[in-house]
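So the structure is just underneath, and the comments pick up after that.
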Amino acid sequence: MTLEKDNLWYKDAVIYQLHVRTFSDSNADGIGDFAGLTQRLDYLEELGITAIWLLPFYPSPLRDDGYDIADYTSVHASYGSLEDFKTFLAEAHRRGLRIIIEMVLNHTSDQHPWFREARSSRENPRRDWYVWSETDTRYQGVPIVFVDTETSNWAWDPISKSYYWHRFFSHQPDLNFDNPAVFEAVWEVMKFWLNLGVDGFRLDAVAYLVEREGTLCENLPETHAIIRELRKRLDLAYPGAMLLAEANQWPADVRAYFGDGDEFHAAFHFPLMPRMFMAVKLEDRKPIIEILDQTPEIPESCQWFIFLRNHDELTLEMVTDVERDYMYDEYATDKTMRINRGIRRRLAPMMDNDRRQIELLNGLLMSMPGTPIVYYGDEIGMGDNIYLGDRNGVRTPMQWNSALNAGFSLADPERLYAPVISNAVYGYQAVNADSQKRSEHSLLRWMKSLLQVRNAFQVFSRGTIQFLNPSNHRVLAYMRQFGEETVLVVNNLSSSAQAVELDVQRYKGYIPIEMFGRNLFPRFGNSPYLLTLGPYQFYWFQLRRI
Ligand code: GLC
Ligand code: CA
């Protein structure tokens, strides 16, 4: 591979997202660790993913699953040592797997030494590293993210007798990016991990870095200036390292985070995600087409990152009120399934464990424009535990086999950081990686073949998309095109069989090859192309002029 191509690795990647704590426990203390994760790399390589996104593994009081960082340059003792991390990184790289880590710039834990110093006295040199106020009335109107737990973005500090600003939990004070020393400290932290060899960062909560009176304190020009400076330094010293933006915003606002190709390399496409679920429930392609029509072009070197589920609630911030009610009614009838403005469930249970719908959604994920992310466990159809607090219901131990603790740990079950799923439908006896490896028709084996096809054609990662407009609106069909590669994707979003007539005049004379079986379908002719699809069925056709 040329260096230039290599530097765009994130465009052709398939990402697997996991938390080291949830994956594999090597020393029987009930908590997953880097040594355990390293032993599982063969599994991930075999699955066909090309990069791993690690959730925060830093020392932390773990009141927000590690997003409350108390030390940015070491590893939480439960997960092992920095040496263990280095071994993991080397072993991943040896297999050609890239590693993306979390960088939480917006805030620290209130246990971080920076904050302890800052609150210790108003004269402390670190005082100005955080955002303080005498009153709790500044920045009125700024939305609260964790609406179920927080009532204000200000919290009272009894030690220094003033208020500090926090966009998330009150134990997560926001850093003050108006202070250049904060920026330098953060850059030092990033260099530390880059020097170890990590391939990229997910920058958490990046829309909220800077606050200004009279604004919503989101997406401010000052925030973009900070990102541009970070990117400049990154490109100079660490070309090929990637920055991924977590900005839960509308596409037009997220577009700004790509700049002129001089801010982020990649950004999550948050609004697309709920619309994939909506389209399947409504049996109508409209939500997906609408949001992609509203999605602006991005610079050549940039990429959207797309996903179905992740470690957070299925966020419903980027939908209308009507759409949110619809999603709640359809996917979270039990109120226990709701949290903040979202739904805390995994993919398989949301699909009622219907294999056809699970496949359809994964098929969409792997064929729509962008770099796809698979949330750990979703490749085997793991369930969730809605009775665990916060978002922990989708963070239960990985289910490896039907042995004790799902093969995750040899500790006593009571000692696990969270109970394994053990109900009759999704429990580890019924759903686990080992048994799915052994069964040819398992979801795991199916996911492998899906990834194999996806990885063999760059058109999926780099190609343009053009929607077809058949009169049957239950069918979502699009052409992907890149260089010599053209692929036609046809999805039946409905629970019943459908027929569709596709206008493929432009490709008259081409032969569609079904990409999983490599079988030839009838050549495109003059009349509309007729296809029939079973419930939730989809086709990927490679178009060839033979
Ligand atoms: C991001 C993370 C979420 C965390 C929050 C605060 O949104 O995805 O898990 O709670 O930031 O750090
Ligand atoms: Ca352990």
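Each value in this text was obtained by applying a stated rule to the coordinates, not by laboratory testing. What you see is a predicted model, and the numbers here were worked out from it, not measured in a lab. Virtual Cβ from ideal backbone geometry, glycine too; neighbours counted across all protein chains shown.
Taking each residue as 0.36 nm, the span from Lys191 to Glu222 lengthens on full extension beyond its C-alpha to C-alpha distance by 8.9 nm. Neighbour counting of Cβ atoms within 10 Å sorts the residues Asp84, Asp6, Asp33, fewest neighbours leading, into Asp6, Asp84, Asp33. Across the chain, C-alpha contacts under 8 Å between residues 6 or more apart give a mean separation that, scaled by the residue count, equals a relative contact order of 12 percent. A straight Cα-to-Cα reach below 13 Å connects Lys191 with the aspartates and glutamates Asp199, Asp235, residues fewer than 8 places away in its own chain not being considered. A simple packing score, the average count of other Cβ atoms within 10 Å per residue, orders the peptides 293-301, 153-161 as 153-161, 293-301, with the highest score first. Here the calculated FRET efficiency for Glu440 and Asp260, from their Cβ-Cβ distance with R0 = 41 Å, stands at 0.25, rounded to the nearest 0.05.
Peptides 380-391, 501-512 ranked from most to least packed give 380-391, 501-512, packing being the mean of other C-beta atoms within 10 angstrom over each peptide's residues.
Measuring between their Cα centroids, segment 491-546 and segment 329-362 lie 30 Å from each other. With R₀ fixed at 22 Å, the C-beta to C-beta distance from Asp352 to Ile465 puts the FRET efficiency at about 0.15.
Among the lysines, which have Cα under 27 Å from the Cα of Lys335 when same-chain residues fewer than 8 positions away are ignored? Once the sequence-local lysines are set aside, what remains near Lys335 is Lys281.
The slack between Glu330 and Ser495, meaning 0.36 nm per residue of separation minus the straight C-alpha distance, is 57.9 nm. Sorted ascending by nearby beta carbons within 10 Å, beginning with the fewest, Cys302, Cys217 become Cys302, Cys217. Spacing of the modelled spin labels on Glu83 and Leu520, each 7 Å from Cα toward Cβ, amounts to 6.2 nm. The calculated 222 nm mean residue ellipticity attributable to helices in the chain amounts to -8000 deg cm²/dmol, summing -39500 (n - 2.57) over DSSP H runs of n ≥ 4 and dividing by all residues. The mean sequence distance of close C-alpha pairs (under 8 Å, at least 6 residues apart), as a share of the length of segment 411-512, puts its relative contact order at 16 percent. R0 = 51 Å: FRET efficiency of Glu290 with Ala90, Cβ-based, nearest 0.05? Taking R0 as 51 Å, the efficiency between Glu290 and Ala90 is 0.65.
Can you tell me the length gained on complete extension of the stretch Glu485 to Leu236, counting 0.36 nm per residue apart and subtracting the Cα distance?
Gain on stretching Glu485 to Leu236: 86.2 nm.
Around Arg228, what is the net charge, scoring Lys/Arg as +1 and Asp/Glu as -1 over all other residues with Cβ under 14 Å from its Cβ? Around Arg228, the surrounding residues sum to -3.
Taking the alpha carbon gyration tensor of the chain, multiplying each eigenvalue by 5 and rooting it gives semi-axes of 39, 27, 23 Å, largest first.
A cut-off under 10 angstrom between Cβ atoms defines the neighbours of Pro470, and their net charge, with Lys, Arg +1 and Asp, Glu -1, is 0.
For segment 191-261, the relative contact order works out to 40 percent when only alpha carbon pairs closer than 8 Å and six or more residues apart are counted.
The average projected area of segment 457-544, computed from the convex hull of its Cα atoms over all directions, is 5.4 nm².
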